[in-house]
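Q: My structure is below; once you've seen it, I'll send some questions.
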Amino acid sequence: MEKQTVTIYDVAREANVSMATVSRVVNGNPNVKPATRKKVLEVIDGLDYRPNAVARGLASKKTTTIGVIIPDVSNMFFSSLARGIDDVATMYKYNIILANSDGDSAKEVQVLNNLLAKQVDGIIFMGHRITDKVRAEFSRSKTPVVLAGSIDPDEQVGSVNIDYKEAAKEAVSLLAKNGHERIAFISGALIDAINGQNRLTGYKDALKENNLDYNEGLSF
């Protein structure tokens, strides 16, 4: 026999209070007498009532859900970022929906639209680069979008990142100060703005500042 879903009406009837009172208890509203709150919470526990997140989202026009798009869930860098995002979201009582794009531009558009269809409150996008198709979808949507572990060379989309150029400079300078002269540059695809524009530039600048020649054969 299929178990019936317990509704707010069932809780109100069992606790002999109004549905508005149950709603105030569920949402942590302080304007409820302690005895009434205790009674409602006991009924909620006894009936195993779980508020309908979809209905609450429709009423408040917020789903307290963030869509997170990453290019490769098995990549330690991106999975670590996703873990950090989830930790912070939990602190603020938000949930995340994680979507893997495989770094494919067509799939990026697909998963982006899937998340927008779920009425998420915001999108955190991680990808190797921002394609014109993805940028067009960002522009069409009214949902806030923030980049993480990615940058927009045109600076049209906000991002949260470190200073990749300065980080590369510091790493190279430290090696140079320790007497190393043949310093290699190993990165991902240079079509990625972080690698091709920021890290590589920082690498070259640091070599120049330390009177070392740039050797293209040491860039991988």
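Bear in mind these aren't lab numbers, they're just calculated from the coordinates by the rules spelled out. The shown structure was predicted, so the numbers you read here are calculated from the model rather than taken from an experiment. Cβ atoms come from the backbone with ideal geometry, glycine included; neighbour counts cover every protein chain shown.
Q: How much net charge surrounds R182 when only the other residues with a Cβ under 14 Å from the Cβ of R182 are counted, with Lys and Arg +1 and Asp and Glu -1?
A: With Lys, Arg at +1 and Asp, Glu at -1, the neighbours total -3.
Q: Could you work out the relative contact order of the chain? I mean the mean sequence separation of Cα pairs under 8 Å and 6+ apart, divided by the number of residues, in percent.
A: That works out to 13 percent.
Q: Would you calculate, for the chain, the mean residue ellipticity at 222 nm contributed by helices, counting each DSSP H stretch of 4 or more residues as -39,500 (n - 2.57) and dividing by all residues, to the nearest 500?
A: -14000 deg cm²/dmol
Q: A follow-up question, please. Quick one: which residues, 5+ away or cross-chain, put their amide H under 5 Å from the amide H of S159? H built at 1.01 Å from N.
A: The list, which skips near neighbours in sequence, is L147.
Q: Label V88 and N31 with points 7 Å out from Cα along Cα→Cβ: what is the distance between them in nm?
A: 3.4
Q: Same structure, new question: Compute the signed sum of charges (Lys and Arg +1, Asp and Glu -1) over the other residues within less than 11 Å, Cβ to Cβ, of P71.
A: My count for the surroundings of P71 gives -3.
Q: Taking only pairs that are 8 or more places apart or on different chains, how many Lys pairs in region 112-178 have Cα atoms under 23 angstrom apart?
A: Number of lysine pairs found: 5.
Q: Once phi is turned into θ = phi - 60°, what whole-Hz ³J(HN,Hα) does the Karplus curve with 6.51, -1.76 and 1.60 give for every residue of region 111-125, x standing for Gly and Pro?
A: Each residue's phi maps through the Karplus curve to give 5, 4, 5, 4, 5, 5, 5, 7, 6, 5, 7, x, 10, 10, 10 Hz.
Q: Another question, then. Would you mind counting up the charge near T36? Only other residues with Cβ under 14 Å from its Cβ, with Lys and Arg at +1 and Asp and Glu at -1. Mind dumping the intermediate values first?
A: On the way: positive: R24, K33, R37, K38, K39; negative: E14, E42.
Net charge around T36: +3.
Q: How do F138, F220 line up, fewest other C-beta atoms within 10 Å first?
A: Arranged by neighbour count, lowest to highest, F138, F220 become F220, F138.
Q: Spelling out what I want: for every residue of region 185-191, take phi, set θ = phi - 60°, compute 6.51 cos²θ - 1.76 cosθ + 1.60 (Karplus), and round to whole Hz; glycine and proline get x.
A: 10, 10, 8, x, 4, 6, 5
Q: May I ask for the percentage of alpha-carbon pairs in the chain that lie more than 30 Å from each other?
A: Values: 11351 of 24090 pairs.
In whole percent, the share of Cα-Cα pairs in the chain beyond 30 Å is 47.
Q: How do K142, K33 line up, fewest other C-beta atoms within 10 Å first?
A: Lowest to highest Cβ neighbour count: K142, K33.
Q: Tell me, T7, T63 in order of fewest to most beta-carbon neighbours within 10 Å? Please list the in-between numbers first.
A: Values: T7 16, T63 20.
Starting with the residue having the fewest Cβ neighbours, the order is T7, T63.
Q: A further question on this structure: In whole percent, what relative contact order does region 60-160 give with Cα contacts below 8 Å and a gap of six or more residues?
A: 30 percent.
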